[in-house]
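Colleague: One structure, as structure tokens, below. Some questions next.
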Amino acid sequence: MIRDVYRFLIPLLLFGVFFVVLNLAYVAALFFILALFVAFFFRNPVRKIPEGPNLIVSPADGKVVQIAESEDGQRCISIFLSIFDVHVNRSPISGNVSELTYRRGKFKAAFVEEASRVNEQNIITVEGTDIRVTFKQIAGLIARRVVCWKKPGDSLHRGELIGIIRFGSRVDILLPEKVRIAVRVGDRVRGGSSVLGDYT
């Protein structure tokens, strides 16, 4: 689990204990079940990061729901995360954070295309040795907070943890034309370990 879990987990456990003391077992059980779900949601499984030059890994767990060209000629891979997916996010390449922009917005369902444009999001750009990749942490209908633990100037390794989106969301990654995409719509990917593409 990641450190963000404790602000949610501890109050739920305390409420559970409180209702146990009051001999309200059913109410206590509800809080303990919620605590188990929160612990499950904030899990951070160990991932094997692929080795080799010029690989781009998925920044998130989930299902590829769209691959399309963006307005500037790049390809955009959209990944939808349900509440049952791992929600920590990872850097797709090694490099330095050159830009980090938080954009306020709406909370439309994350699986619809419009969410990429209008929902609350963090836009993160990583400058590698010979490639520049931008990806977005996008809030969804249930997710109400996008969290990035990094700042401009930070150095990242491929697959390194960079943040989390709380309770259902979407991640878009913008790739230059030279990238050979290795996934298709409908594929399920794992953050840090699934290769989205490579380049020369």
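Colleague: Please pull out the direction-averaged projected area of the range 39-90, using the convex hull of its alpha-carbon atoms, in nm² to one decimal place.
Modeller: 4.8 nm²
Colleague: Take the chain, mark every one of the GluC sites (Glu not before Pro) that falls in a DSSP loop and has at most 10 other Cβ within 10 Å, then report the longest stretch left between them, sites excluded.
Modeller: 115-176
Colleague: ASP154's amide H: which non-local residues (gap 5+, or another chain) put their own amide H closer than 5 Å, with H modeled 1.01 Å from N in plane and none for Pro or chain starts?
Modeller: VAL97
Colleague: Whenever you get a sec, line up SER98, SER78 from highest to lowest accessible area (probe 1.4 Å, protein heavy atoms).
Modeller: The most accessible residue leads, giving SER98, SER78.
Colleague: If a/c stays under 1.5 just call it rounded; otherwise compare a/b with b/c (prolate if a/b is bigger, oblate if not). Do that for the range 126-200, with a ≥ b ≥ c from the square roots of the Cα gyration tensor eigenvalues.
Modeller: oblate
Colleague: Of SER91, SER70, SER82, which has the largest mean-square fluctuation in a 10 Å C-alpha GNM of the chain?
Modeller: Most flexible of the set in this elastic network: SER70.
Colleague: Any chance you could get the radius of gyration and Dmax over the Cα atoms of the chain, in Å?
Modeller: Final numbers for Rg and Dmax: 18.1, 65 Å.
Colleague: Tell me the angle of helix 6-21 to the major Cα principal axis of the chain, expressed in degrees between 0 and 90 and rounded to the nearest ten.
Modeller: The answer is roughly 20 degrees.
Colleague: FRET efficiency for VAL46 and ARG132, Cβ-Cβ distance as r, R0 = 45 Å, nearest 0.05?
Modeller: Efficiency computed from Cβ-Cβ geometry: 0.95.
Colleague: Apply 1/(1 + (r/R0)^6) to the Cβ-Cβ distance of ARG180 and LYS151, taking R0 = 41 Å, and write down the FRET efficiency to the nearest 0.05.
Modeller: 0.85
Colleague: Shifting gears a bit: Which value in nm describes the separation of the simple spin-label points at LEU22 and LEU36, placed 7 Å from the Cα toward the beta carbon?
Modeller: So the label points at LEU22 and LEU36 sit 2.2 nm apart.
Colleague: Follow-up. Give me the net charge for the shell around VAL5: Cβ to Cβ below 14 angstrom, other residues only, Lys and Arg +1, Asp and Glu -1.
Modeller: Once positives and negatives cancel, what remains is +4.
Colleague: Using only Cα atoms, locate the centre of the range 152-185 and the centre of the range 6-66, then give the distance between them in Å, rounded to an integer.
Modeller: 21 Å
Colleague: Then there's this: Counting only protein chains, not ligands or nucleic acids, how are ARG184, ARG75 ordered by accessible area (probe 1.4 Å), most first?
Modeller: ARG184, ARG75
Colleague: Compute the long axis of helix 25-41 from its Cα atoms, compare it with the longest principal axis of the Cα atoms of the chain, and write down the angle in degrees, 0 to 90, nearest 10.
Modeller: So the helix axis and the longest Cα principal axis differ by about 20 degrees.
Colleague: Oh, and also: Rounded to a whole number, what % of the accessible area of the range 1-128 do carbon and sulfur atoms account for, probe 1.4 Å?
Modeller: Whole-percent figure for carbon plus sulfur exposure: 63.
Colleague: How much accessible area per residue does the range 45-200 have, counting only protein heavy atoms and a probe of 1.4 Å, in square angstrom?
Modeller: Roughly 46 Å² per residue, with all protein chains present.
Colleague: Next question, about the same structure. Local charge sum around LYS136 (other residues, Cβ-Cβ under 12 Å, Lys/Arg +1, Asp/Glu -1)?
Modeller: 0
The values are calculated or read from the model by the stated rules, or taken from the named source; none is laboratory data. Because the structure is predicted, anything quoted here is derived from the model rather than measured. Note: ideal-geometry Cβ built from the backbone for every residue, glycine included; neighbour counts use all protein chains shown. Protein only, heavy atoms only, side chains kept; ligands, DNA and RNA dropped before computing areas. Shrake-Rupley method; radii C 1.70, N 1.55, O 1.52, S 1.80 Å.
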